[in-house]
Amino acid sequence: MRSRNLGGFWAGMLVAGVVLWSLITTDVELSRLLSAGPRIADFLGRMFPPDPTVMDEIWKGSAETLRIAILGTVGAVILSVPLGILASETMVSATVHRPIRTVLAFIRAIPLILVAMLMVGAVGLGPLPGIIAVALHATGMLAKFYAEAIDGVSRAPISALESAGAGPLLRLRHAIWPQMAPVVARDTIFRFELNLRESLILGIVGAGGIGFYIQTYVRSFQYDKAASVTIAVVIMVIAIEGINVALRRRFA
């Protein structure tokens, strides 16, 4: 007990030291933040009242963002199913699942915006690079979730099928899938919500979506139009989050 308390004390000291080091070595001046108040107020003042004449662009951009999130999620699921199986300790040997997990960790480490920029350079502007970027980036997380869902199931049904001579696919279908299905549904819905949020910013690099209009209006100092698009984004995110919460409760 004493060693545990001592370990907790030193862990707390380490965290405090890291925070203090970050604060000291970062150019943080509260005076600059206070002096920025009038400029922030001026910026917000230019955004109101929002311009309602951009509804056509809002509908078009919102639909494109939604399509990017949907197709990107579908692509990620298609890639994550085999990768999740190959990354599972339950389904394959260590010589297989360890390299696959390393690849998935590498994919997760690459920022989405960088993947989108690479895809824009490769296939051009529009929603296609956004779809590819979302699918690739989401695969790193979703395949990991699927592998963990497989590894987290009860071993008793798997052992029973193994003793009966069932192969890996039969064990997956009859012993593993019934247990992991609710977890997979929950994680996939969560990833779709995250993909939608991330798709909102892809327009900044020309990968389609409503973010393109926000960037265009801000750069051209049309803040009232940017405010209208921003309000639409907030409403869409809240609506999708509400739907996802209801679906996650359904599959809980």
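The values are calculated or read from the model by the stated rules, or taken from the named source; none is laboratory data. Remember, it's a predicted structure, so these values are computed and weren't measured experimentally. Ideal geometry is used to build each Cβ from the backbone, glycine not excepted, and the neighbour counts take in all protein chains shown. Each accessible area value is taken on the protein alone, full model and side chains, heavy atoms only, with ligands, DNA and RNA left out. Shrake-Rupley method; radii C 1.70, N 1.55, O 1.52, S 1.80 Å.
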What do you reckon, is Thr188 touching a helix residue (DSSP H, G or I) at 6+ places or on another chain (Cβ under 8 Å), open to solvent by less than 40 Å² (accessible area, probe 1.4 Å) and hydroxyl-bearing (Ser, Thr, Tyr)?
yes
Can you name the residue in segment 45-98 that is part of a loop (DSSP other than H, G, I, E, B) and exposed (fewer than 15 other Cβ atoms within 10 Å of the Cβ) and is also modelled with the highest pLDDT among such residues?
Ser93
Show the residue pairs that are 6+ apart or on different chains and have beta-carbon atoms under 9 Å apart, the first residue being within segment 35-62 and over 23 Å from Leu200 (Cα atoms), the second being open to solvent by less than 100 Å² (accessible area, probe 1.4 Å) and not β-branched (Val, Ile, Thr).
Gly45/Tyr223
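Would you pick out the residues in segment 199-215 that are open to solvent by 40 Å² or more (accessible area, probe 1.4 Å) and either of a type in the set (Val, Ile, Thr) or under 8 Å from the mean Cα position of the chain (by Cα) (or both)? Before you say what the answer is, go through the steps one by one.
Of segment 199-215, the ones open to solvent by 40 Å² or more (accessible area, probe 1.4 Å) are 201, 204, 212, 214.
Across segment 199-215, the qualifying residues are Ile201, Ile204, Ile214.
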Restricting attention to segment 130-148, does a residue exist that is more than 22 Å from the chain's Cα centre (by Cα) and open to solvent by less than 60 Å² (accessible area, probe 1.4 Å)?
no
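Return a yes/no flag: does segment 234-251 have any residue that is touching a helix residue (DSSP H, G or I) at 6+ places or on another chain (Cβ under 7 Å), open to solvent by less than 50 Å² (accessible area, probe 1.4 Å), under 20 Å from Asp56 (Cβ atoms) and touching a residue at least 24 places away in the same chain (Cβ under 8 Å).
Of all residues in segment 234-251, those touching a helix residue (DSSP H, G or I) at 6+ places or on another chain (Cβ under 7 Å) come to 236-237, 240-241, 244, 247-248, 251.
Add one more test, that the residue is open to solvent by less than 50 Å² (accessible area, probe 1.4 Å), and what stays is 236-237, 240, 244.
Next, from what is left, pick out any that are under 20 Å from Asp56 (Cβ atoms): 236.
Going one step further and asking which of them are touching a residue at least 24 places away in the same chain (Cβ under 8 Å), we end up with 236.
Yes; the residues of segment 234-251 include at least one that is touching a helix residue (DSSP H, G or I) at 6+ places or on another chain (Cβ under 7 Å), open to solvent by less than 50 Å² (accessible area, probe 1.4 Å), under 20 Å from Asp56 (Cβ atoms) and touching a residue at least 24 places away in the same chain (Cβ under 8 Å).
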Looking at (1) out of contact with any Leu (no Cβ under 8 Å at 6 or more places or on another chain); (2) surrounded by 13 or more Cβ atoms within 10 Å (Cβ to Cβ); (3) over 25 Å from Leu247 (Cα atoms); (4) at pLDDT below 85, which one does Met180 not meet, given that it meets all the others?
(3)
Across segment 99-118, which residue is modelled with the lowest pLDDT among those that are open to solvent by less than 40 Å² (accessible area, probe 1.4 Å) and in contact with a Gly (Cβ under 8 Å, 6 or more places away or on another chain)?
Ala116
